[in-house]
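The values are calculated or read from the model by the stated rules, or taken from the named source; none is laboratory data. A quick note: this is a predicted structure, and the numbers were derived from the prediction, not measured. Positions of Cβ are generated from backbone atoms using ideal geometry, with glycine treated the same way; all protein chains shown enter the neighbour counts. Ligands, DNA and RNA are stripped out before the accessible areas are found, and what is left, the full protein with its side chains, is counted by its heavy atoms. Shrake-Rupley method; radii C 1.70, N 1.55, O 1.52, S 1.80 Å.
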Amino acid sequence: MIDHTLDTANAILHLRPRSALEPSDFEQLAKAVDPFIAERGDLAGLIVETPGFPGWSSFGAMAAHMRFVRDHQKHIRKIAIVTDSPLGNIGEHLVSHFISAEVRQFSSSEAAAARQWIVGAA
């Protein structure tokens, strides 16, 4: 499950994964952001705030995640990963090879700084 909010004023999608990711999570995210992108253009940023990666519920969920990334990465300028997990640092470097957005990790105490990093560049 992914809790999400779309800050339309600043064009920021904020994700908070809560449990193993499901295919329906990515369908819901697409329904939330696709109309915004079609009407207003690219997102200034994406904030992924999580204590650690919760994994996928199934292979289908992993495939849905990869499709979502493939279809949306070109519409996101910056990605802030807010986590204290050591996987965040690995994710920052790994993800940056597959997407066009600038990626940066922030500790869980720096959520406001992550948001400011995106807003400051919008």
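Mind checking which residues of region 18-45 are within 21 Å of S108 (Cα to Cα) and open to solvent by 20 Å² or more (accessible area, probe 1.4 Å)? Outline the logic, then answer.
The first filter runs over region 18-45 and keeps only residues within 21 Å of S108 (Cα to Cα), leaving 18-21, 44-45.
Within region 18-45, R18, S19, A20 qualify.
Looking only at region 50-63, which residues are of a type outside the set (G, A, S) and either under 12 Å from F26 (Cβ atoms) or open to solvent by 60 Å² or more (accessible area, probe 1.4 Å) (or both)?
Hits for region 50-63 are P51, F53, W56, F59, M62.
Being modelled with pLDDT under 90 and surrounded by 13 or more Cβ atoms within 10 Å (Cβ to Cβ) is the requirement here; does G120 meet it?
no
Name every residue in region 71-89 that is aliphatic (A, V, I, L, M) and modelled with pLDDT of 90 or more, in order of residue number.
Looking only at region 71-89, we keep the residues that are aliphatic (A, V, I, L, M), and these are 76, 79-82, 87.
Passing the criteria: I76, I79, A80, I81, V82.
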